[in-house]
Structure formats: C-alpha cells, structure tokens
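Just so it is clear, none of the values below were taken in a lab; they were calculated from the coordinates. None of these values were measured; they are calculated from a predicted model. Note: ideal-geometry Cβ built from the backbone for every residue, glycine included; neighbour counts use all protein chains shown.
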Amino acid sequence: MAEDMITNYFYDEAAYDYHDGGYVPLEEPQTEQKPLNIPSLLKPDKETATDMYYTIVAQTGEVQLLPGQKTKTWGYNAPLLGQTVVFKRGKTIHLHLVNHLPEVTTFHWHGLAIPGPIEDGGCHAPVYPGQSRDVSFKINQPAAFVWLHAHPCPSTAEQVWHGLAAGAIVQDEHEASLPLPRNYGVDDLPIILQDRRFHENNQWDYRADYDPDGVAGPTPMINGTINPYFDVTTQKVRLRFLDGANRREWRLHFSDNLPFTQIAGDLSLLPHPVKMNKLLITCAERQEIIVDFGKYKPGDEVILYSDDVPLIHFRIHEFKPDNTVLPNTLYQRPDPEVDPDVPVHHVTLDGMDESVAMNGKKFKMDRIDFKMPLNQVQIWDICNTNPAPGMIHPYHMHGTAFEVISRDGHAPYPNELGLKDTVAINPGEHVKIKLWFDVPGVFMYHCHIIEHEDGGMMAQLQVIDPADPDKKYKLMDHMTLMKAFAEERHVPMDQLWLGGMDSYKKMGMEM
Ligand SMILES: [Cu+2]
C-alpha cells in the first residue's frame, strides 16, 4: 500500500499563500477546547414523494466564540453559518428565501446545476431587507457536498466574513448504495474551514482587516467553533471539508502522519478512492475523506493540522471494529464527446491586488462576456497569468460541473478526477477543463478568493436554449446594488465603502 500513498500537496510550494507579503499565519487558539459545532439538519417545511419545501432565513445573531463578549455574527436559520440543507436527487425543491439582515443579500447555491441567474442566486437575484423571494428547481445531479453563500456584488466577501455560508448535501441512490459512513453528526461530518481576526470585545472588523488579495485572520474557526474537539465513537469517520475561508488555503494532515482516503471532490465521488496523508484545499473547494482510527484506543487523541497549527482534536472513545472495504470503483464519470468544430475557449486570470481582472477586463454585472448553447460540450483553457511565484487562483463556475482534463498538458491530480466546480490553478499554469450546461441562463465564473471576485476577477456567460434562443434576462448592475447598500447603511454614496469598490476606483474604472 505504501507505494500507492500520496504524500505531497501537488501544488507549487512557491505559490502557497504563506509566501504572500500580506500573509496572516494561523495561531493555535489558547482558549479551552469546545465540542465541535455540528450544524443541525434543516427541517423541511414539507416533503412529498416528489417535492421538498424549505424556508431559509438570513439573520443576524451573536455567538459565544471566545470567553468574554459574544461576537456579532450572521447566518442562515442560525446565528452563524447555517443549518445543513438536504437535497434529494430527482425531487423539485421549493425555497422561501427571507432576508432579516439590515442589508441586501442573495442566496447562491454553489455547486448546484440549476438555472441562472435567479435560481442560482448570484448577484442578479437580490433579496432586500425585510423581503423574501421564492424559487423552485429540480435536483438532477450526483450526490455531493455543496454550499450556500451570499453573493451580492461587490460585497460577497464581507457578507461571507459575517458568517453567511452553510453546507448542503445532495443525496442520490448510487451513493446510498455504497458502504460509506453517513450517520450525520456521528460518523459523517461537515467540516467548514474558516479563519477570523478578533478585535476589541471579540468583534470582527472586516474593513480593518481588508486586503484586496483576500482577507485572513490568525484564528482558525471550524464550523463556527474556536479550538474544537470531536468525540470519535466509530472506527471510521467521513469528513466533508469545505474551504469556506475568504482567502486561505489549508494544507491538511493528521498527527502520526495518519493516512486517510479521499472519496469525493466538489460535485461527485471520485472514480477510485485515493490514499493520502496530505491534502491541500483551496477556497470554495470540497474534499471528502474517510479517516480510519482503527489503530487507536480509548483515551488517545488524533489531531488534524493545517501546516503546524492544530484545527480539530479527535478524542478517541470505544468503538466497534469496522472492517468495511471500500469498492475500488466509486463513480463512473460521464465522458461526453467534445464537438471538434468548437474552438477551445481561453480564460485568463490576471493581476493581483486591485488590478485583478479576467481576460483583461473587470467584471460588469450588465455585460455578457460569452455565449454558448445548452448541452454543447466545450474545452476551456484557464490560465493563471501571474508569473511564478504568484498565487494560486481557485477558479469557479456557477451552474455546471466540469471535468479537469489536463494541467500544462499533464494528467490532472488523482484526487480531481470526479466532477468539479472549483479548480485551483498554479501561477503560470494552463488548466484544461471540459464543460457543458444542462440548464439555461446567465452564470458567473470567477476566482473564489472572494476579494478577487469582488475586485473584478469575474465574468459571466449566457447559456442559450435553442428552444428559446431570444430569451432576454433582466440583469442588475453594480450601481443599483451599491445604492441599496448606501441607503441601508445610511451613508451618502461618496461615503459608501465596499471592499470591491476600491479595486475599480484605484484602477480608474466605472462600475
Ligand atoms: Cu484569485
């Protein structure tokens, strides 16, 4: 087995975030360990054989994160982050989305292949304070761990920093037939990785921490818990990692170099399980692993680290032996043929700091940058034009799942052979992906260092349905949203501060 073990992080060490001048090193919290928060499962308002109904409320709250004053936070049906939503494949989902925040937000389903721009919940689907929006869509995609986050441009980063991020699990029959841990909260855990800086009175201050290359803080926050432990009561535990940080990459490994098995990436199981003892996850990616604690005994502790900073203490208790063997094949990835007459589409991720752009342009909400027909299979070449050593840009597409075909002409990494919606791209690297859309609409694609997307490293495409080729979409514009923010914050437009605005202003660009 040893020779099959992956023992590196794959990515260019020179591009790791810790080489950045603005890097904020993680620090081990000095507070008492607390039980890891497991977000509860959101109860449907109603469920039938064919339909599921949920109400999702964006709300303010406060949480005892550190000793002393509670921290003011935002969340979905919870004071911070949110309850975990379950979507069953084949069912039609009806969402009642309610905004109880003091400012405009949107409800974006990162990873769901649902029509845009309204159901998708990007910047064109605002819900103003005190108002609500109802959307419905059908779930027709493989089992996966996806997520909900706010996406009102150009203030996505600040709202996610306040806490607007929640996990969602897509279930299907194939995944349910495999011998995988799925007892939620016991041996199947969402692990949302974030970092924060606590200012006076334990409060967060996004503006004070602002960095156009991504905001980071020294304190790891896991599922909204500072310095968590988890009581292990089964031999095997499935961890569904989500990098919910605005900017931070996490280089994950366990004490004793404990090996683990990756079983899934963003939007599907992997074709084959991958044994490893190191795993890098970049912003917005999901990586699912199974950890086997079989060699430990009650009283032992296993620690999950990023670099040399402990993130979670796994306290080992009694468990029954578990000799389940994973099948060698977990998932058969579809392999649709690319139309040879369709040219490769090139996307460049350009610049750093305020100069960030995509294909040389900053994002404009009312501009369509590319059009493609529904169901057409295309190859896209995504290039990070920062020369090495630059930074890794996690490239994300709304509304679709794509396949990584090659990295600079070489085979993709063994843990990115399933369906993806976010792919990390090294400085100077070209990554080829194969993609198609099963749903029509307008969709954004962007870097998922959230300050980069707010700063303009983003574009949008229109997927044309041949049955309705002239369909017009009502697109919002930045100014409308910015005026709403100014009004809600009771400041004149010339005193409004939103992180992303700086990037346009400093480059002398209109929004
Ligand atoms: Cu970026």
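Side notes on the structure shown:
- Distance (nanometres) between label positions extended 7 Å along Cα→Cβ at E28 and Q495: 4.6
- Remark: the D205-Y473 segment gains 92.8 nm on full extension, using 0.36 nm per residue and subtracting the alpha carbon distance.
- Using θ = phi - 60° and Karplus 6.51 cos²θ - 1.76 cosθ + 1.60, couplings along segment 127-140 (whole Hz; Gly, Pro as x): 10, 7, x, x, 10, 9, 9, 10, 10, 9, 7, 9, 8, 9
- The ratio of the alpha-carbon radius of gyration of segment 302-352 to the globular-protein estimate 2.2 N^0.38 Å is 2.32.
- Dipole orientation for the chain: of the candidates I433, I303, F443, F443 has the Cα lying most toward the positive pole (charges on Cβ; Lys, Arg +1; Asp, Glu -1).
- Net length gained if the chain between R182 and R367 were fully extended (0.36 nm per residue, minus Cα distance): 62.3 nm
- Lys, Arg +1 and Asp, Glu -1 on Cβ, resulting dipole of segment 348-449 about Cα centre, debye, nearest 20: 220
- The label-point distance for N140 and Q69, in a model that sets each label 7 Å from Cα toward Cβ, rounds to 5.2 nm.
- All Cα pairs of the chain, percent lying beyond 44 Å: 8
- Anisotropy class of segment 261-329 from Cα gyration tensor, a/c 1.5 cut: oblate
- About its Cα centre, segment 352-411 has a charge dipole of approximately 200 debye under the convention of +1 per Lys or Arg Cβ and -1 per Asp or Glu Cβ, with nothing else charged.
- Pairwise centroid distance, computed over Cα atoms, of segment 93-159 with segment 1-63, Å: 19
- Segment 484-508 and segment 333-389: distance between their alpha carbon centers, rounded to Å: 28
- Three-way shape label, segment 74-197, alpha-carbon gyration tensor, a/c 1.5: oblate
- Listed residues L41, L112, Q262: farthest to the positive end of the dipole of the chain (Cβ charges): L41
- When Rg and the Kirkwood Rh are both derived from Cα coordinates, the Rg/Rh ratio for segment 273-426 amounts to 1.05.
- Label zone at N257, where the point sits 7 Å out along the Cα-to-Cβ direction: segment 1-34 residues whose backbone N lies under 17 Å: 1-10
- In Hz, Karplus ³J(HN,Hα) per residue of segment 17-28 (6.51, -1.76, 1.60; θ = phi - 60°; x = Gly, Pro): 4, 6, 7, 5, x, x, 4, 10, x, 6, 10, 5
- Per-residue [θ]222 nm for the chain (sum of -39500 (n - 2.57) over DSSP H runs n ≥ 4, rounded to 500): -1500 deg cm²/dmol
- In order along segment 91-108, the phi-based Karplus estimate (6.51 cos²θ - 1.76 cosθ + 1.60, θ = phi - 60°) of 3J(HN,Hα) comes to 8, 8, 9, 10, 10, 9, 9, 10, 10, 9, 7, x, 9, 4, 9, 9, 10, 9 Hz; Gly and Pro are listed as x.
- Basic side chains Lys and Arg get +1 at the Cβ, acidic Asp and Glu get -1 at the Cβ, and with that the dipole of segment 408-447 about its Cα centre reaches some 60 debye.
- Gap separating the Cα centres of segment 398-425 and segment 288-304, nearest whole Å: 30
- A Förster distance of 30 Å, applied to the separation of the beta-carbon atoms of E62 and Q376, puts the FRET efficiency at 0.05.
- Positive-end residue of Q332, V135, N359, charge dipole of the chain with Cβ unit charges: V135
- Cysteines without a disulfide-compatible partner [the chain; Cβ-Cβ under 4.7 Å]: C283, C383, C447
- Shape of segment 65-118, Cα gyration tensor, a/c cut at 1.5: prolate
- Per-residue extension of 0.36 nm, minus the Cα-Cα distance of H96 and D465, leaves a gain of 130.2 nm for this segment.
- Debye equation applied to the C-alpha atoms of segment 354-508, log10 I(q)/I(0) at 0.13, 0.17, 0.20, 0.21 Å⁻¹: -0.69, -1.06, -1.28, -1.35
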